[in-house]
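Note sheet for the following structure.
What follows is calculated from the coordinates using simple rules that are stated; it is not laboratory data. Everything quoted here is computed from the prediction, not taken from an experiment. Every residue, glycine among them, receives a Cβ derived from its backbone with ideal geometry; neighbour counts consider all protein chains shown.
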Amino acid sequence: MAPVQTRRLRHGWSLDAEGLDLALAAARRARGTSLASHAWRRLRSDKAAWRSLLFLALLVLASFLAPLLPLPSPMAPRLRSEPQPPVWPWVQPYDERFRPEYWDLHALDAWMVAARVELFGALQSGPWLGTDAQGRDLLSRLVWGSRTSILLALAAALTSLAFGVSYGALAGLAGGRTASLMMRVVDVLCALPFTFVVLFVLVLLHAPRDAALSARFVSREQVLFVAVGAAWWLTMARVVRAQVAALMRSEFVQAARALGARKLRILWMHIVPNVLPVVLVQLALTLPAVVLFEALLSFLGLGIEPPRVSWGLLAADGIEALNPLRIYWWLVLFPALAMGSALLALELLAGGLRGALDTRGHGEVA
Amino acid sequence: MRRFLLRRLLWLALTVWALITLSFCLMRAGPGGPSSSERLAPALEADGAALYHLDWPLWRRYFHYLGPLNLDERGLFGDRSRLLGGALCGDLGPSLRQRDFRVDQILAQSLPVSIELSLLALLGAIAVGLPAGILAGLVPRSRADVLLRTLAMLGTVLPNFVIAALLLLVLALWLRVLPVAGYGSARHLVLPAIALGAPFAACIARLARAGLLEALARDHIRTAIAFGLPPWRIVVGHALQSACLPVVSYLGPAAAGVLTGSLVIERIFAIPGAGSQLVGSALAGDYTLALGVTLVYTLLVYTLNTLVDLFYPLLDPRIALEEP
Amino acid sequence: MSVLEVEHLSVRFDTPRGALQAVSDVSFTLEEERTLGLVGESGAGKSVTALALLRLLPTSARVETGSARFEGLELLALGERELRRLRGRRIALLRQDPLCALDPLSTIGRQLGEVLVTHLALRRRQARQRCARALAEVGLPDSERHLDRYPHELSGAERQRVLLAMALLCDPRVLVVDEPSSALDVTLQAQMLDLIERLQERHGTAVLLLTRDLGLAARACQRVLVMYAGRVVEEAPAEALFAGPLHPYTRGLIESLPRFDAPPGQPLRPIPGVAPDPLVPLAGCAFAPRCALAGAHCRAEVPPLEPWRRGEAGLGLSIASERRAACFEKARIALPSSAGKGPRA
Amino acid sequence: MTAPWLDVRALRVEFPAGSAPHAPALRAVDGVSFALERGGALGLAGESGCGKSTVARALVGLAQPRSGSIRLEGVELAAQAAHRPAAARRRLQIVFPDGPSSLDPRQTVGQILEEPLVLHRKGNRRERLARAVALLDAVGLDAGQLERYPHEFSADQRQRIAIARALALEPELLVLDEPARGLDSSVRAQLVQLLVQLREHFGLALLLTTQDLALVHVLCEDVALMCLGQVCEYGSCSEVFGAPRHPYTQGLLAAVPLPDPSAARRRARAILSGEVPTPAAPPTGCRFHPRCPVREQVPGERCAREEPRLVCAPTTQATQVACHLYAALTPPR
């Protein structure tokens, strides 16, 4: 950097075009690395978090393309006296008795099942992970079961992003008495023992058995989605409000206000990009809690109703099958492994994200 | 102090009122309600009608159901033999499923079991989690630390019923060390308490470890070192207390979590606690019992949260009581 | 009588981005009841030098060479247990950091008492009285009440005084005052320095003052060491240093300070360029890139810290106050009529 | 005498202290008056908490004054700070001290410099880029750094970027809030050098808030010493620093470390004792009386009871001082 006093200040502002292009080219060459790319590079270098990200991506893909995979139908019963232990893939790779028995699939799934039938014909994978008492294949039920958890996690993510972030940002921007009032509401809602209230609502909205009435009545799955949506934006709102309030006090926002920028513009130009890391970390912390919540309700028989399937139900069946005489270990082990690995991946990813995104990491030399 | 307690009480009253009113409306309006549910046996139909005063105007039915005052013929408008009644006095009517028991009777019998189990699990979680976290924090990146952290990771990642299943598989069925289920002697509570407490022990361990590491990195620790204080005095005198702060503030949500977990554990280990009653009533649509259990648990969680908030300023003088 | 002698101290940090020579070949002696100033800008290595003596450096630091003799002991070779007995008892560190050098969760009395109980094994009640006396000595009114209060209930100035009282509790022989940032109010800093000076006269403590502010050094120190990029570039008594600095960096520093006696509006003459990046090893004198007098000789070889004898065309100073400067061109700078020219000849 | 270019009269700024609605407001600035000519330079000096930063923020409309007037060439600005006309905003710009949040960490230098131009809709993209390059050049930074991020610069470079941003709209008054706080002396000198050059080149007026009196002496013509929200001495630098009259000024000057040991020794030991007071609980009467060494010389304890008025110092009409020692003299214009 040339010493200051020898540089003569240039009069006026207009820089000739040629000089400008020269400077812009130099600027592009000496391009700095933004905080976001720093964070991305750090995330990739954190092997545990990176591998869990890949694993989760694979899981989501597999569960989305479940109808396309050559798996037996998750609800096709083959009545047997007892659950069949897992058969190693090379012993019984495939068998021919695929029957497309599914519950009321919506258009996309139905189309995929049709495509799968053309592709694999009646081919379906053998009982690699064994079957349950009604002979339904455990592997296919695990894959189809993961759909529920992922959909719920998505629902929680969306609601906490939509409600939580906007509510928190609004409170942060408003500041003063309105902010403390809005936060008081969140505190009260947080203090409720949330699971019991949901159970209680489920009891009251208990759909009667016969189908006639249940048609116009809200199904338990919808209650689950609404419950998840209603609960998980609270912590997000709190976290976002704290961050936005801090940003509003920061000097670069004050400078923008001094320049006459309106609040909305400040929100878009300065607040949103700086609040994203906090939102991302909080999101990564929310997902495991949602999956656990669904598993708990399904385990109690209050979440997903058969014939649909979810990891909670599988775990429930596994435990019910436990008896001192015969130990069907696979009915317990594989659901535990599936849920455990997914949640472990989410936890590791959350840890990795938090490490990568906190900007304190720019410590100078001692 | 008084203003703080008053505010907490106010919010509790509001929540309880909201719950009761919610149940009253949903019971009346929803098709599952007494007036049109086909599931109730015809005998109960007549009894239900009499019981629920379907002939009264709506407001009277509501206040009879809610209010501290009893509004039927033996109450305010009658011979006043039983003036008090209604949900606020614990009279939640009969349980629909177990018709010969009133809700408060069922609660009185099943609640102590749940509280005993939950308390055991929570205290166990603290007794195991806190020292483990502190130990892991003292020897960062050593083998003990890595082992404890992986255990803690598993604890938080696996849902409690999966842990219960694995414990059952190994301890009860395979090694036959502990009874599979049921409630009786203390040995029956060991497995359920471990399964219920494990996730919280793991969480407390992680919080304690992070708290200790963060406390040891603080400025005043460097001052203490510069004054030649021996390591044990620095850790015990300065780091431990601030390491426990995050754990204490986690106790409130942990208590709510333990109660939630007990629903599952009581069902797996067939323990006749209030949790299993709630699950049973949920499956059977017995809303009066469900309301009873929910109210009691809400009360429990609220008092626990308030206790933690009262206890916190004692540990950290900087926090004034007024902050929520 | 010298209390602490440090010879050829060198400290290296191995950071993820390569080895960093924080301090190289620093030597000085600390006399009783006198104050030695270690002046240097951030990154010059003054804190590292002081912390190395008490082995308070982070684990990534390694003391390569050097010895530090204190009361017949070799500090750098002492075991952890013996060194811990010295810290706070014979050598005390006072960090002028108003933020939070005190434990927010325990009272002032407990934190002060702890130092006494550890070092002098006093009982609680005896320790409490002595702490009350120490607080009174540093000018805190009704010290009994202060003992039971928490740090967040005190003002920045009071917290500074408590730290000073804690440092002087065991009547140490050496007090190291580290002034990391000028976050303190100017008036507060002046009060603290006066207080330290008064307590120094009463207890005969030797003070090592680490500061970035030349003015502070001029006011408080009898002898000054100027450090640049980990090396001592000049050592001299305070009066001689400010009257006629021998090293271009010192001269540049003095001339870049805004002064009251100069006519208002007279432009400052800042030192051109920026401080060197410690990770990039530099041949020759570290100040060469910014120095107008630098010749080929300066860029090739590191100028040694040679004493500056009065015999040569010096400035008529007493023999006892020996001066040293690490610059090949110091002869030219020392010319009496050099006041006008300065390093930018 | 024509009205001064920038005339601040009895400025008062209050903050709600504590959450209770009727809690006594904290009077950060309590009746401050000063004037500044076009292209002039004024230093607001005082200990932390004396309200100098609040005055700076009130000038650029970041703090809504409760009463008093800020008149720039006759145009009243104090009324509605939040929605000031864009033209008025352009003429006054503020520069905050370098800190972790003085520049938006997610924006490149180019975007930071462009933002004022975008907000005020000045020129198209290429003209704005040209202006950004010229601004970097004006503050002595390499023009090729447009696409780098604030965390890739040193502390004083970030401060220069903040100054460049303030210059983007060609302001007439640059308000600098503790410009060189925490910087090393050599780097601070370079910054002072830059400010002097910018003043000459663009005819800028400067308003500086700082604790470092020597910095005011070098950069500014006039100085106003502030104690707990009030001005206790106001005049030209040579006058005030040459012959300080108010005890507070004498105390502050004695505390400033001078790089000349013999001078430092000779100076009287009039260092201020006691605490730095907090604006939350200002003492009655003269705000400085609890720490004032010459309190006894004023008859009848007036210092503790009565707030001194700003009067003209005996020898010259230019300097004003607010102290009961000089109470008998004529008040300013």
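Here is how the numbers come out for the structure above:
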item	result
In nm, spacing of pseudo-spin labels at B:Trp174 and C:Glu82 (7 Å Cα→C-beta vector)	5.6 nm
Cβ-derived FRET efficiency at R0 30 Å, C:Glu71 paired with C:Val302, nearest 0.05	0.40
Cα centroid separation, region A:23-95 to region C:133-188 (Å)	59 Å
In region D:105-200, trypsin sites (Lys or Arg not before Pro) in a DSSP loop with at most 13 other beta-carbon atoms within 10 Å	D:Arg121
Karplus 3J(HN,Hα) series, Hz, for region D:129-134 with 6.51 cos²θ - 1.76 cosθ + 1.60 (x for Gly, Pro)	4, 4, 4, 4, 4, 4
Spin-label pair A:Ser37/C:His152, simplified geometry with 7 Å Cα→Cβ offset, distance in nm	4.2 nm
Per-selection Kirkwood Rh - the protein assembly as shown (Cα, Å, 1 d.p.)	36.7 Å
Under DSSP loop assignment and at most 10 Cβ neighbours within 10 Å, longest GluC sites (Glu not before Pro)-free interval of chain A	A:97-363
Added length on full extension, which subtracts the Cα-Cα distance from 0.36 nm per residue, D:Glu127 to D:Gln80	13.7 nm
Cα-centred dipole magnitude for the protein assembly as shown, charges only on beta-carbon of K, R (+1) and D, E (-1), debye, nearest 20	780 debye
Which of A:Leu69, A:Pro306, B:Leu283, positive extreme of dipole for the protein assembly as shown (C-beta unit charges)	A:Leu69
Distance from region B:104-136 to region C:56-89 (C-alpha centre basis), Å	50 Å
Estimated 222 nm signal from helices in chain C, with DSSP H stretches of n ≥ 4 weighted -39500 (n - 2.57), rounded to 500	-9000 deg cm²/dmol
Pairwise centroid distance, computed over Cα atoms, of region B:263-319 with region C:246-279, Å	70 Å
Calculated P(r) of chain C - Cα pairs past 29 Å, %	43 percent
Trypsin sites (Lys or Arg not before Pro) within region C:77-137, DSSP loop, no more than 14 other Cβ atoms inside 10 Å	C:Arg123
Value of [θ]222 nm, deg cm²/dmol, for chain A, DSSP H segments ≥ 4, -39500 (n - 2.57) each, nearest 500	-20500 deg cm²/dmol
Dipole-positive endmost among D:Tyr326, A:Leu56, D:Val139 within the protein assembly as shown (Cβ charges, Cα centre)	D:Tyr326
Inter-probe distance in nm under a simple model that places probes 7 Å from Cα toward Cβ, at B:Arg141 and C:Ala243	5.4 nm
With 5 Å bins from 0: P(r) over region A:213-289, alpha-carbon pairs, percent	3, 13, 19, 15, 12, 10, 9, 7, 5, 3, 2, 1, 0
Efficiency of FRET between A:Lys47 and D:Ala88 - r from beta-carbon atoms, R0 45 angstrom, step 0.05	0.20
Chain D - mean residue ellipticity at 222 nm from DSSP helices (-39,500 (n - 2.57) per run, n ≥ 4, rounded to 500)	-8500 deg cm²/dmol
Linear extension gain, B:Leu58 paired with B:Phe77, 0.36 nm per residue minus alpha-carbon span	5.2 nm
